[in-house]
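A.B. asks: Next up is a structure, given as C-alpha cells.
The values are calculated or read from the model by the stated rules, or taken from the named source; none is laboratory data. What you are looking at is a predicted structure, and each value in this text was computed from that prediction instead of being measured. Here Cβ is always computed from backbone atoms with ideal geometry, including for glycine, and neighbour counts include all displayed protein chains.
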Amino acid sequence: MKKVKVGLNSNLLDTVKKSTKSWLLLTKEHSTLQYGGNDGHADELGHSYAYDSTVANHGQLDVGDCIVLWNGSLLLGISRVDRISTSFGSKSRNRCPRCGSTKIRLRKSILPVFRCQHQSCGFEFDEPIRENLEVTRYVAQYSESWGYFRGESTSRTIRSLAKSPQSIQSIRELNHLKLIDFLERHESSE
C-alpha cells in the first residue's frame, strides 16, 4: 500500500483544535489531471484553493474551517481558511458527445484521448462537446497557518477521516474529532 508523508509544525494541532469544522480538499497539478469534464482550477499550494459553484460542497467551506490538502494519495499540508473571495465568471465544461455526461476521462497514452466513464456508455472520442457555464468562483486563502506534513500515513487512513470515506468529491467534510485524534496520535509518535 502506498505510504504518504504526514506530520505537524509546532502550532498546527492547536490551529486545528480552534476550528469547529474540517475539510479534505483535493488539489492536482494541471499535468496530472485525469478527469476530463473540466480544465481544473488554479490552486497555489500553501496559499490558496480555487473552486466554483459547480463543485459539490462549494457553499459549505467557511472562514476559520480547518482544511487538509491532498492530491488523492499524498497528504500535502493543513491550515485554516483565512478568507474566501468570490467573483463571477464563466467555466468551460466538457461532455461526452454520445450521452452528454461530464464523467469523461482524459487518457495520456491511448487514442482516442477521451473515454466516457458513465456506467452505460464507454464511448471513446477525441473531441468532447464544450459548453460554457456562468459560475461563482471562490478562492479560499489559507497561507497564515499553513504547515506541510511530515511522517507517514496511508491514503486509506486519510479517506477514513472523512465523514463519507467512499466519497469522490473534491471538497469532503472530515470528521473533525477523528482528525484531531489522528494528529494527536501522530504527534505523540514523533
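A.B. asks: Can you tell me which of Ser155, Ser164, Ser170 is among the polar types (S, T, N, Q) and buried (at least 18 other Cβ atoms within 10 Å of the Cβ)?
C.D. replies: Ser170
A.B. asks: Something else: So which residues in segment 77-95 are closer than 21 Å to Leu12 by Cβ and either assigned to a strand (DSSP E or B) or among the hydrophobic types (A, V, I, L, M, F, W, C) (or both)?
C.D. replies: Gly77, Ile78, Ser79, Arg80, Val81, Arg83, Ile84
A.B. asks: Right, another one. Of all strands (runs of 3 or more DSSP E) completely enclosed by segment 110-190, which ones contain at least 1 residues that are of a type in the set (Phe, Trp, Tyr) and more than 18 Å from the chain's Cα centre (by Cα)?
C.D. replies: Output list reads 114-116.
A.B. asks: For Asp181, state whether it is farther than 26 Å from Glu44 by Cα, loosely packed, with under 14 Cβ neighbours inside 10 Å and touching a Phe, Trp or Tyr at 6+ places or on another chain (Cβ under 8 Å).
C.D. replies: Taking the combined requirement at face value, the residue does not satisfy it.
A.B. asks: Mind listing whichever residues of segment 96-109 are assigned to a loop (DSSP other than H, G, I, E, B) and not basic (Lys, Arg)?
C.D. replies: Answer for segment 96-109, where residues must be assigned to a loop (DSSP other than H, G, I, E, B) and not basic (Lys, Arg): Cys96, Pro97, Cys99, Gly100, Ser101, Thr102, Ser109.
Here's the yes/no breakdown for (1) crowded, with 17+ Cβ neighbours inside 10 Å; (2) in contact with an Asp or Glu (Cβ under 8 Å, 6 or more places away or on another chain); (3) modelled with pLDDT under 95:
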{"residue": "Val6", "(1), (2), (3)": "yes, yes, yes"}
{"residue": "Asp14", "(1), (2), (3)": "no, no, yes"}
{"residue": "Ser19", "(1), (2), (3)": "yes, yes, yes"}
{"residue": "Leu26", "(1), (2), (3)": "yes, no, yes"}
{"residue": "Ala42", "(1), (2), (3)": "no, no, yes"}
{"residue": "Leu61", "(1), (2), (3)": "yes, no, no"}
{"residue": "Val81", "(1), (2), (3)": "yes, yes, no"}
{"residue": "Ser90", "(1), (2), (3)": "no, yes, yes"}
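A.B. asks: Something else: In segment 98-121, is there at least one residue being modelled with pLDDT of 95 or more, among the charged types (D, E, K, R) and more than 22 Å from Val55 (Cα to Cα)?
C.D. replies: Yes, that holds for at least one residue.
A.B. asks: What's the total number of residues in segment 42-71 that are of a type outside the set (S, T, N, Q), farther than 13 Å from Ser145 by Cβ and under 14 Å from the mean Cα position of the chain (by Cα)?
C.D. replies: 13
A.B. asks: (1) within 30 Å of Asn175 (Cβ to Cβ); (2) without any contact (Cβ under 8 Å) to a residue 60 or more places away in the chain; (3) touching a Leu at 6+ places or on another chain (Cβ under 8 Å): which one isn't true of Asp126, the others all being true?
C.D. replies: (1)
A.B. asks: Just give me the residues in segment 140-178 being closer than 14 Å to Trp70 by Cα, of a type in the set (A, V, I, L, M, F, W, C) and touching a strand residue (DSSP E or B) at 6+ places or on another chain (Cβ under 7 Å), in sequence order.
C.D. replies: Across segment 140-178, the qualifying residues are Trp146, Phe149, Ile158, Leu161, Ala162, Ile171, Leu174.
A.B. asks: Check whether at least one residue in segment 81-102 is touching a residue at least 40 places away in the same chain (Cβ under 8 Å) and in contact with a helix residue (DSSP H, G or I) (Cβ under 9 Å, 6 or more places away or on another chain), and report yes or no.
C.D. replies: Looking for residues that are touching a residue at least 40 places away in the same chain (Cβ under 8 Å) and in contact with a helix residue (DSSP H, G or I) (Cβ under 9 Å, 6 or more places away or on another chain), one finds at least one in segment 81-102, hence yes.
A.B. asks: Which one of the conditions (1) part of a loop (DSSP other than H, G, I, E, B); (2) free of Cβ contacts under 8 Å to residues at least 60 places away in the same chain does Leu69 fail to meet, given that it meets all the rest?
C.D. replies: The failed condition is (1).
A.B. asks: Surrounded by 14 or more Cβ atoms within 10 Å (Cβ to Cβ) and within 25 Å of Phe182 (Cα to Cα): does that describe Gly77?
C.D. replies: Answer is yes for this residue.
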